[in-house]
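Everything below concerns the one structure shown next.
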Amino acid sequence: MDIQRYYDGRIEENLKSGKVLVVYGPRRTGKTTMIKKFAEKFSGKYFYEIGEDRELRELLESESVAKITGFFSRFDLVIIDEAQMIQKIGTGLKILVDRVPGIKVIASGSSSFDLSNKIGEPLTGRKNTVTLFPVSMIEASDFIGDFEIQRRIEEFVIYGTYPEVFTENSYEGKKILLEELRNSYLFKDILALENVKNPRKLLDLLMLISFQIGKEVSLTELGNSLDLAKQTVERYLDLLEKTFIIKKVGGFSRNLRKEVTKSSRYYFLDNGVLNSVTNNFKPLNLRNDAGQLWENFLFTERLKKQAYHRIYSNNYFWRTYDMQEIDLVEERDGKLYGFEFKLNPKKIKAPRSWSENYPESEFLQVNKDNYLGFIT
């Protein structure tokens with residue numbers, strides 16, 4: 001049985017005539033399956049093709065109004081999968097939505113850096129954007145129920161929730177799928193679209209990041225460890241973020257001198273990918289990084305909830321030089337919400353400096369007793 005993805009049944013409400021619906025997300029998360037399911041139920045005539053198709057690329061890269069409108073005007077819906085493979089895709093799509101009245105367009109991409117750069121300016125005011133992540137606990141709740149989530153929570157924290165991994169029954173099968181993902185898909189967009197001289201360095205960089213979940217990362221130290229220039233490390237991290245492998249979080253401050261703001265933290269967008277990088281799938285009770293895995297899991301599930309439920313938030317960590325800290329600070333509508341992630345359900349209070357300097361803020365410890373409400 002297929003997992004009901006969050007946007008199944010919601011594509012229509014996001015798809016408007018005269019605008020492009022841009023569907024972002026990591027590879028192997030089900031974007032193509034979701035879009036095809038929508039197309040099969042679409043009542044009008046539709047066109048579907050992958051951005052790798054040579055004739056489609058030539059047509060959209062031509063920037064010819066006559067050619068583009070002449071070909072696509074017969075369709076009610078145009079779907080271009082892996083659209084980042086097409087140069088000047090934004091200009092081609094702009095011609096399409098501006099010159100073909102009433103047409104609806106979907107463009108998907110697994111690398112936000114390339115697709116967004118190509119469509120950003122040409123499609124200003126002409127696009128809606130959604131992101132499909134690995135299976136969220138919101139979707140899992142509908143699929144298997146909250147009780148089953150709680151029963152299998154350690155499985156999700158260790159093996160992640162890529163759709164194929166989520167539905168695979170055996171742990172050994174999950175490992176094989178994650179190894180294939182790591183070896184065949186993880187860096188595909190970066191290597192195809194960017195001039196990365198040493199792909200092995202990307203994996204080495206991810207391994208170093210995996211040991212620093214929940215900690216500030218020094219680009220200089222990473223560069224020294226990898227024998228890379230600081231600027232190269234920064235570029236690689238940016239590429240890894242824009243291909244939905246990691247997520248950068250900056251420090252929060254209202255300009256108090258003792259607050260740490262200049263460094264960043266990084267999280268993996270899937271715990272299974274994190275563990276595949278280190279080849280460590282041991283149970284949590286045998287690991288010294290169990291707390292970090294729990295923090296990474298809660299952070300990324302919260303991101304999914306923000307995206308799907310349209311919770312518009314600026315996300316930060318907070319730490320002072322005297323080592324008071326909060327894992328996640330959300331700034332929403334001018335109000336601050338602090339969240340501390342702990343496996344142990346023993347209650348803790350907000351750090352004193354936080355309470356004193358931000359008395360109007362809220363604080364919540366998220367642990368194994370109350371995490372479901374935080375992420376679903």
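The values are calculated or read from the model by the stated rules, or taken from the named source; none is laboratory data. For clarity, every value in this text was computed on a predicted model and none was experimentally measured. Cβ atoms come from the backbone with ideal geometry, glycine included; neighbour counts cover every protein chain shown.
Residues are listed down the side, and each one gets a yes or a no for (1) in contact (Cβ under 8 Å) with a residue 40 or more places away in the chain; (2) exposed (fewer than 12 other Cβ atoms within 10 Å of the Cβ); (3) outside any loop (DSSP other than H, G, I, E, B):
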| site | (1), (2), (3) |
| --- | --- |
| Asp322 | yes, yes, no |
| Glu330 | no, no, yes |
| Tyr337 | no, no, yes |
| Lys346 | no, yes, no |
| Lys349 | no, yes, no |
| Ser355 | no, no, yes |
| Glu360 | no, yes, no |
| Phe363 | no, no, yes |
| Leu372 | yes, no, yes |
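I need the full set of residues from region 229-252 which are in contact (Cβ under 8 Å) with a residue 40 or more places away in the chain and within 30 Å of Tyr358 (Cα to Cα), in order please. Answer for region 229-252, where residues must be in contact (Cβ under 8 Å) with a residue 40 or more places away in the chain and within 30 Å of Tyr358 (Cα to Cα): Ile246, Lys247, Val249, Gly250, Gly251, Phe252. When region 309-320 is examined, which residues are found to be surrounded by 20 or more Cβ atoms within 10 Å (Cβ to Cβ) and either of a type in the set (Lys, Arg) or without any contact (Cβ under 8 Å) to a residue 40 or more places away in the chain (or both)? Once the filter is applied, which keeps residues that are surrounded by 20 or more Cβ atoms within 10 Å (Cβ to Cβ) and either of a type in the set (Lys, Arg) or without any contact (Cβ under 8 Å) to a residue 40 or more places away in the chain (or both), region 309-320 yields only Arg319. Within region 117-126, not a single residue is in contact with a Leu (Cβ under 6 Å, 6 or more places away or on another chain), of a type outside the set (A, V, I, L, M, F, W, C) and assigned by TED's automatic domain parsing to the domain that holds Leu15. Applying the criterion of being of a type in the set (Lys, Arg) and in a strand (DSSP E or B) to the residues of region 236-295, the residue that is surrounded by the most Cβ atoms within 10 Å (Cβ to Cβ) is Arg265.
Would you mind finding the one in Lys188, Lys215 that is among the basic types (Lys, Arg) and closer than 20 Å to Glu301 by Cα?
On the way: Lys188 fails: closer than 20 Å to Glu301 by Cα.
Criteria check complete, one pass: Lys215.
When Val78 is tested against (1) within 19 Å of Glu63 (Cα to Cα); (2) assigned to a helix (DSSP H, G or I); (3) at pLDDT 90 or above, just one condition goes unmet, and that condition is (2). Can you name every residue in region 84-115 that is at pLDDT below 90 and touching a Gly at 6+ places or on another chain (Cβ under 6 Å)? Matches in region 84-115: Gln84, Met85, Ile86, Leu115. The numbered conditions (1) part of a loop (DSSP other than H, G, I, E, B); (2) within 22 Å of the chain's Cα centre (by Cα); (3) surrounded by fewer than 18 Cβ atoms within 10 Å (Cβ to Cβ) are all true for Glu179 except (1).
Matching residues to (1) surrounded by fewer than 21 Cβ atoms within 10 Å (Cβ to Cβ); (2) in a strand (DSSP E or B); (3) touching a residue at least 40 places away in the same chain (Cβ under 8 Å); (4) in contact with a strand residue (DSSP E or B) (Cβ under 8 Å, 6 or more places away or on another chain):
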site: Leu123; (1), (2), (3), (4): no, no, yes, yes
site: Glu139; (1), (2), (3), (4): no, no, yes, no
site: Phe143; (1), (2), (3), (4): yes, no, yes, no
site: Glu148; (1), (2), (3), (4): yes, no, no, no
site: Glu154; (1), (2), (3), (4): yes, no, yes, no
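Between Thr232, Thr243, the distinction of being modelled with pLDDT under 95, β-branched (Val, Ile, Thr) and within 17 Å of the chain's Cα centre (by Cα) belongs to Thr243 only. Has region 77-86 got any residue that is surrounded by fewer than 18 Cβ atoms within 10 Å (Cβ to Cβ) and either farther than 19 Å from Ser111 by Cα or not hydroxyl-bearing (Ser, Thr, Tyr) (or both)? For region 77-86, residues surrounded by fewer than 18 Cβ atoms within 10 Å (Cβ to Cβ) and either farther than 19 Å from Ser111 by Cα or not hydroxyl-bearing (Ser, Thr, Tyr) (or both): absent. If you check Leu208, Leu203 for being modelled with pLDDT of 95 or more and in a helix (DSSP H, G or I), only one passes: Leu208. Checking Asp53 against (1) free of Cβ contacts under 8 Å to residues at least 12 places away in the same chain; (2) closer than 24 Å to Pro134 by Cβ; (3) surrounded by 15 or more Cβ atoms within 10 Å (Cβ to Cβ), which test does it fail? So the condition that Asp53 fails would be (2).
For residues in region 186-206 being surrounded by 13 or more Cβ atoms within 10 Å (Cβ to Cβ) and charged (D, E, K, R), which is farthest from Gly51 (Cα to Cα)? Here the answer is Asp204.
Search region 213-235 for residues being over 17 Å from Thr261 (Cα atoms) and out of contact with any Leu (no Cβ under 9 Å at 6 or more places or on another chain), and hand back the single one that is surrounded by the fewest Cβ atoms within 10 Å (Cβ to Cβ). Applying the filter and picking the extreme gives Asp227.
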